[in-house]
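The values are calculated or read from the model by the stated rules, or taken from the named source; none is laboratory data. Since the model is a prediction, treat every value here as computed from it, not as a measurement. As a convention, Cβ positions derive from the backbone with ideal geometry for all residues, glycine included, and neighbour counts pool all protein chains shown.
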Amino acid sequence: MKINKKVPKRVRPKPGGSVRAIRKDALRLMLESSRGSLPNEFGGILRAYDGIITEVMVLPGTEQGARAALFRFSNLPSDRSVVGTVHSHPSGNYWPSGADLELFDRFGSIHLICGHPFTIDSWQAYDGRGRPRRIEVIP
Ligand SMILES: [Zn+2]
């Protein structure tokens, strides 16, 4: 993944700090999209309302990697419902890479990584510093 070094670091408070849960439908969509994008990465944007992630905006995966598209979305900070990102790791490892940590630090404050085989348990949430965060899955 290429990072555009010219993009200034955000100075405003990050949205998404109070996210505490994700709806099961949204979780299922991101896991299915991860499977459907194989062997490529899938990437998407998370929307939350009242602290609950209800929507995953799917970005088409490409050979170049989905995170380049995520970075373009990071230039749209005005919509407060956009709280973070989700992307897949076809390798199955769902720990953030160095590039992931740079993305997390720059944009949003809740980030999900889904790892192969993309079952209901093979994902992890992280905060903007890359620290694992527990969020609830709700119906
Ligand atoms: Zn990653």
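Against the criterion of being of a type in the set (Ser, Thr, Tyr) and modelled with pLDDT of 65 or more, residue 74 does not qualify.
Looking across the range 124-137 at every residue that is in contact with a helix residue (DSSP H, G or I) (Cβ under 7 Å, 6 or more places away or on another chain) and in contact (Cβ under 8 Å) with a residue 40 or more places away in the chain, the one that is farthest from the ligand (Cβ to nearest atom) is identified as 137. Candidates are the residues of the range 84-123 that are more than 10 Å from the ligand (Cβ to nearest atom), more than 18 Å from residue 37 (Cβ to Cβ) and surrounded by fewer than 23 Cβ atoms within 10 Å (Cβ to Cβ); the one that is modelled with the lowest pLDDT is 106. In summary, residue 81 fulfils each of the numbered conditions (1) under 15 Å from the mean Cα position of the chain (by Cα); (2) within 13 Å of the ligand (Cβ to nearest atom); (3) modelled with pLDDT under 95 with the single exception of condition (2).
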